[in-house]
Amino acid sequence: HRAALAAAERALQLDPMDADAHSALATIVGEAGDLARAQAEFETALRLNPGDAETLTHYAGWASTFGQPERGAEAADRAIRLNPNAPAWTNNYYTYAYFMAGRYDDAVRYDARRDAATLGNFARVVRASLLAAVGRTDEARRAVADAVAHKPDLTIEEFLSDPGLGE
């Protein structure tokens, strides 16, 4: 974490107008629990480069953590319009953004694009929650079993205590 933080801060010293560096710093400080600074860094990145699909994608995944789930879904919408052939990793961010905004049909669509074998703990819990939310209880139970199989000591308290709700 310290090396990543130092690198992002150094990048901003060299070029304070580098939107990618602001976005990277937002993620780094957000994962460390400094959500106010993370939100400010994302806002700066989006102001500097509002049409960057990758920054919009990352912001989409964080917006609900900042109490702005609708803005996260809107960021996902824009990112998808800008890059309809985005790499597979973006589906995790879109699924979560839409789920948190209550756009379950969109969340289910992007969840279906995720490879179950590559999901992290967080993505597995989101999948189980999403399936339960849309009434697919048998699939939700299997998703919970899958999450516990990959992390037998998984607890809801641990999951919710992660500041960035990361992997």
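The values are calculated or read from the model by the stated rules, or taken from the named source; none is laboratory data. These numbers were taken from a predicted model, which means no experiment stands behind them. Here the Cβ positions follow ideal geometry from the backbone for every residue, glycine too, while neighbour counts run over all protein chains shown. The accessibility values were calculated without ligands, DNA or RNA, using every heavy atom of the protein model including side chains. Shrake-Rupley method; radii C 1.70, N 1.55, O 1.52, S 1.80 Å.
Laid out as a table, the results:
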read-out: Accessible surface, per residue, of the chain when the full set of protein chains is kept, probe 1.4 Å, Å²; value: 52
read-out: Label point distance in nm, Ala36-Arg141, each placed 7 Å from Cα along Cα→Cβ; value: 4.7
read-out: Hz values of 3J(HN,Hα) by residue in the stretch 108-118 - Karplus curve (6.51, -1.76, 1.60), Gly and Pro given as x; value: 4, 4, 7, 5, 5, 8, 8, 7, 4, 5, 9
read-out: Whether the stretch 9-88 is rounded, prolate or oblate, judged on the alpha carbon gyration tensor where a/c under 1.5 counts as rounded; value: oblate
read-out: C-alpha long axis of helix 121-133 to longest principal axis of the chain, angle in °; value: 60
read-out: Leu154/Ala132 FRET efficiency (R0 25 Å; Cβ-Cβ; nearest 0.05); value: 0.95
read-out: Long-range amide H partners of Gln68 with built H, under 5 Å; value: none
read-out: Whole-percent carbon and sulfur share, accessible surface of the stretch 22-167, 1.4 Å; value: 52
read-out: Whether the chain is rounded, prolate or oblate, judged on the alpha carbon gyration tensor where a/c under 1.5 counts as rounded; value: prolate
read-out: Long-range HN-HN contacts of Asn49 with modeled amide H, under 5 Å; value: none
read-out: Euclidean distance of C-alpha centroids, the stretch 75-106 and the stretch 9-70, integer Å; value: 17
read-out: Selected from Ala76, Ala24, Ala117 as most flexible by GNM, with the chain as the system and alpha-carbon contacts under 10 Å; value: Ala117
read-out: The stretch 80-94 - phi-based ³J(HN,Hα) in whole Hz, Karplus 6.51/-1.76/1.60, Gly and Pro as x; value: 5, 5, 6, 9, x, 10, 5, x, 4, 4, 5, 4, 4, 5, 5
read-out: Overall form of the stretch 81-141 per C-alpha gyration tensor (a/c, 1.5; a/b vs b/c); value: oblate
read-out: In Hz, Karplus ³J(HN,Hα) per residue of the stretch 54-61 (6.51, -1.76, 1.60; θ = phi - 60°; x = Gly, Pro); value: 5, 5, 4, 5, 4, 4, 3, x
read-out: Chain lengthening between Asn121 and Ala88 when straightened (0.36 nm per residue, less Cα-Cα); value: 10.2 nm
